[in-house]
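**Q** Just passing along the structure, written as structure tokens.
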Amino acid sequence: RELGMDVSLKPHVDVLGGAYRGFMEPGDPDEWFRSYREFMIPLAEMAQRTSCRVFWVGTELDSMTPWPNHWAELIEEIRRVYDGPLIYGANWTDLDNEATLALARRVDYLGVDAYFPVSDSPDPTVTDMVVAWQPWLRAMEEVSSVTGRPLLITELGCPSRQGAPTAPWDYENGHP
């Protein structure tokens with residue numbers, strides 16, 4: 001903070017065995033949200049005590065967004081203990097999902113983990129990749145407009161590997 005930086009708290013929930021968190025399918029969603037609430041509320045309280053600038057209510061929980069009542073209750077409870085802005089970090093593949101858009105309307109910011117494919121070629125030029133980003137930029141502007149929320153790029157990256165621009169989320173493709 002002395003250097004002019006802010007702190008945010010971004011809890012992640014991962015799946016045992018390493019599967020992508022966005023594909024989890026709990027047998028009992030009510031129990032999952034009860035457990036998630038028990039995990040999140042103490043973290044939101046800590047974010048309040050430590051003056052975190054932003055608190056994340058979730059990250060890439062694609063398969064869990066279709067429970068709007070659970071999200072509404074959780075967000076309401078978080079807002080009782082944390083008075084700063086809230087953000088939900090959506091995976092780039094989930095930006096056109098109506099449940100994700102509905103969740104975005106309940107928080108202050110929608111984040112996007114922007115691992116967009118920017119080439120069909122294993123060796124694109126920088127210009128090719130810049131051009132390929134343009135539709136994604138327009139899509140993010142549209143999502144912001146539709147939800148009435150600012151959209152932040154919350155994750156961005158591309159591994160230093162041959163072919164990575166075709167699937168920048170794939171850190172295990174085995175290419176040099």
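The values are calculated or read from the model by the stated rules, or taken from the named source; none is laboratory data. Predicted model only: the values in this text are computed from it and were never measured. Cβ sites come from the backbone with ideal geometry, for glycine too, and all protein chains shown count toward neighbours. Side chains included, ligands, DNA and RNA excluded: accessible areas come from the protein's heavy atoms. Shrake-Rupley method; radii C 1.70, N 1.55, O 1.52, S 1.80 Å.
**Q** Can you give me the number of residues within the stretch 16-32 that are within 19 Å of Asn91 (Cβ to Cβ), hydrophobic (A, V, I, L, M, F, W, C) and exposed (fewer than 13 other Cβ atoms within 10 Å of the Cβ)?
**A** Number satisfying all stated conditions: 2.
**Q** Out of all the residues in the stretch 146-166, which are open to solvent by 30 Å² or more (accessible area, probe 1.4 Å), modelled with pLDDT under 90 and in a helix (DSSP H, G or I)?
**A** Within the stretch 146-166, just Thr166 meets the criteria.
**Q** A further question follows. Does at least one position in the stretch 147-163 carry a residue that is touching a His at 6+ places or on another chain (Cβ under 8 Å) and of a type outside the set (D, E, K, R)? Outline the logic, then answer.
**A** Step one: filter the stretch 147-163 for residues touching a His at 6+ places or on another chain (Cβ under 8 Å), giving 161-163.
Subset that is of a type outside the set (D, E, K, R): 162-163.
Yes, the stretch 147-163 has at least one match.
**Q** Right, Ser121: among the hydroxyl-bearing types (Ser, Thr, Tyr), at pLDDT below 95 and open to solvent by 30 Å² or more (accessible area, probe 1.4 Å) or not? Show your work before the answer.
**A** On the way: among the hydroxyl-bearing types (Ser, Thr, Tyr): yes; at pLDDT below 95: yes; open to solvent by 30 Å² or more (accessible area, probe 1.4 Å): yes.
Taking the combined requirement at face value, the residue satisfies it.
**Q** Any chance you could count how many residues in the stretch 38-58 are open to solvent by 70 Å² or more (accessible area, probe 1.4 Å) and either in a helix (DSSP H, G or I) or more than 23 Å from Asp108 (Cβ to Cβ) (or both)? Spell out how you get there, then give the answer.
**A** First pass over the stretch 38-58, keeping only residues open to solvent by 70 Å² or more (accessible area, probe 1.4 Å): 38-39, 45-46, 49, 51, 53.
This time we only want the ones that are either in a helix (DSSP H, G or I) or more than 23 Å from Asp108 (Cβ to Cβ) (or both), so: 38-39, 45-46, 49.
Residues flagged as open to solvent by 70 Å² or more (accessible area, probe 1.4 Å) and either in a helix (DSSP H, G or I) or more than 23 Å from Asp108 (Cβ to Cβ) (or both) within the stretch 38-58 amount to 5.
**Q** Follow-up. If the Cβ limit is 8 Å and pairs must be 6+ apart or interchain, which residue in the stretch 1-28 that is acidic (Asp, Glu) pairs with which residue that is not in a loop (DSSP other than H, G, I, E, B)?
**A** If the second residue must be not in a loop (DSSP other than H, G, I, E, B), the pairs left are Asp6/Val54; Asp14/Arg21; Glu25/Ser63.
**Q** Between Val143, Val130, which is at pLDDT 90 or above and either over 22 Å from the mean Cα position of the chain (by Cα) or open to solvent by 80 Å² or more (accessible area, probe 1.4 Å) (or both)? Full working, then the answer.
**A** Details: Val143 fails: either over 22 Å from the mean Cα position of the chain (by Cα) or open to solvent by 80 Å² or more (accessible area, probe 1.4 Å) (or both).
Within the list Val143, Val130, the selection yields Val130.
**Q** Residue under question is Ser35, and the condition is that it be among the polar types (S, T, N, Q), part of a helix (DSSP H, G or I) and surrounded by fewer than 16 Cβ atoms within 10 Å (Cβ to Cβ); does it hold? Explain how you work it out, then say what you get.
**A** Details: among the polar types (S, T, N, Q): yes; part of a helix (DSSP H, G or I): yes; surrounded by fewer than 16 Cβ atoms within 10 Å (Cβ to Cβ): yes.
In short, yes.
**Q** Which one is surrounded by the most Cβ atoms within 10 Å (Cβ to Cβ) among residues in the stretch 80-95 that are touching a residue at least 40 places away in the same chain (Cβ under 8 Å) and closer than 16 Å to Gly148 by Cα?
**A** Across the stretch 80-95, the extreme among qualifying residues is Ile87.
**Q** Next question, about the same structure. Of all residues in the stretch 59-109, count the ones that are assigned to a loop (DSSP other than H, G, I, E, B) and over 17 Å from the mean Cα position of the chain (by Cα). Break it down stepwise before answering.
**A** The initial filter retains those residues of the stretch 59-109 that are assigned to a loop (DSSP other than H, G, I, E, B), namely 60-61, 65-67, 82-85, 95-97, 105-108.
Then keep just the ones that are over 17 Å from the mean Cα position of the chain (by Cα); that gives 82-84.
Total meeting the criteria: 3.
**Q** Let me ask you something else. Could you list, ordered by first residue, the pairs with Cβ atoms under 8 Å in which the first is in the stretch 65-76 and closer than 12 Å to Tyr88 by Cβ and the second is open to solvent by less than 70 Å² (accessible area, probe 1.4 Å) and in a loop (DSSP other than H, G, I, E, B), at least 6 apart or interchain?
**A** Thr65/Asn97; Trp71/Thr65; Ile75/Val107
**Q** Need pairs with beta-carbon distance below 9 Å; first residue more than 26 Å from Ala90 (Cα to Cα) and within the stretch 111-126, second of a type in the set (A, V, I, L, M); sequence gap 6+ or separate chains.
**A** Once the first residue is more than 26 Å from Ala90 (Cα to Cα) and sits in the stretch 111-126, its partners that are of a type in the set (A, V, I, L, M) give Pro122/Ala164; Pro124/Val118; Pro124/Ala132.
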